[in-house]
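Q: Before anything else, here's the structure in question.
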Amino acid sequence: MSRPPLPPFTEQTATQKARLAEDGWNSRDPAKVALAYTPDSQWRNRAEFINGREAIEAFLKRKWARELDYRLIKELWTFAGNRIAVRFAYEFHDDSGTWFRAYGNENWEFDTDGLMKRRLASINEHPIAETDRKFHWPLGRRPDDHPGLSSLGF
């Protein structure tokens with residue numbers, strides 16, 4: 001299975017890869033998102049270590065069951081060869097209605113077919129007032145005209 005764009009990345013293809021990842025995660029479809037990773041993909045997500053597509057899918061099911069109305073923006077930071085670094089922010093609320101914004105960085109490494117074989121994520125989050133939310137689009141893909149992280153001052 002191939003997942004274009006493929007490495008080695010250019011600025012254009014790395015930016016495209018980051019947007020495709022954002023779109024996938026904003027679908028909140030664990031099975032669909034897991035297909036972007038190699039069957040033996042290795043993750044570090046905060047302090048959790050996850051190995052393989054099945055574990056990734058299970059992790060994402062748990063994540064989106066507790067992170068409600070999740071909306072994410074990713075932005076390319078840098079790239080070289082088969083590696084991409086992005087920064088991101090996302091907003092969600094929990095089942096009590098408390099809103100949060102999370103910020104982080106991810107380092108990605110891809111195989112020759114464009115599947116991610118390694119994802120290293122560092123993430124911090126804090127509660128926000130609902131009136132402080134910045135991500136106001138219908139659930140799903142972020143509209144092309146919605147500001148990105150830099151435009152929002154993040």
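Q: Can you pick out the pairs among Lys17/Lys74; Lys32/Lys63; Lys63/Lys134 whose Cα atoms lie more than 19 Å from each other?
A: Distance filter (> 19 Å) returns Lys63/Lys134.
Q: Radius of gyration and Dmax for region 78-154's Cα atoms, expressed in Å?
A: Computed over the Cα atoms of region 78-154, radius of gyration and Dmax are 14.9, 44 Å.
Q: In a shell of Cβ-Cβ distance under 10 Å around Leu35, excluding Leu35 itself, what net charge do Lys and Arg (+1) and Asp and Glu (-1) give?
A: +1
Q: Here's another thing I want to ask about it. Whole number in Å², please: accessible area per residue of region 1-50, 1.4 Å probe, ligands, DNA and RNA not counted.
A: I get 52 Å² per residue for this part.
Q: Pull up all non-local amide H partners of Ser41: gap of 5 or more, or a different chain, and H-to-H distance under 5 Å with H placed in the peptide plane.
A: Gly52, Arg53
Q: Cut-off 10 angstrom, C-alpha nodes, Gaussian network model of the chain. Which of Pro143, Pro30, Pro39 fluctuates the most?
A: For the chain, modelled as a Gaussian network with Cα springs under 10 Å, the answer is Pro143.
Q: Per the helix-only calculation at 222 nm, which mean residue ellipticity applies to the chain, given -39500 (n - 2.57) for every DSSP H run of n ≥ 4 and division by its residues, nearest 500 deg cm²/dmol? Spell out each step's value before the answer.
A: Working: 4 runs with 40 residues, N = 154.
After summing the helix terms and dividing by the residues of the chain, the value is -7500 deg cm²/dmol.
Q: So what J values fall out for region 100-105 if you push phi through Karplus, 6.51 cos²θ - 1.76 cosθ + 1.60 with θ = phi - 60°, rounded to Hz, Gly and Pro as x?
A: 9, 10, 10, 10, x, 10
Q: Give me the percent of accessible area attributable to carbon and sulfur for the chain, probe 1.4 angstrom.
A: Reported share for carbon and sulfur atoms: 51 percent.
Q: Placing unit charges on C-beta atoms (Lys and Arg positive, Asp and Glu negative, everything else neutral), compute the dipole magnitude of region 25-154 about its Cα centre in debye, rounded to 20.
A: 160 debye
Q: So which trypsin sites (Lys or Arg not before Pro) in region 8-94 end up in coil per DSSP with only 10 or fewer other C-beta atoms within 10 Å? Intermediate values should be presented prior to the final figure.
A: Numbers: sites: Lys17, Arg19, Arg28, Lys32, Arg44, Arg46, Arg53, Lys61, Arg62, Lys63, Arg66, Arg71, Lys74, Arg83, Arg87; in loops: Arg28, Arg46.
Within region 8-94, no trypsin sites (Lys or Arg not before Pro) qualify (loop, at most 10 other Cβ atoms within 10 Å).
The values are calculated or read from the model by the stated rules, or taken from the named source; none is laboratory data. The structure presented is a predicted model; accordingly, all values stated were derived computationally and were not measured. As a convention, Cβ positions derive from the backbone with ideal geometry for all residues, glycine included, and neighbour counts pool all protein chains shown. Side chains are part of the model used for accessible areas, which takes the heavy atoms of the whole protein and leaves out ligands, DNA and RNA. Shrake-Rupley method; radii C 1.70, N 1.55, O 1.52, S 1.80 Å.
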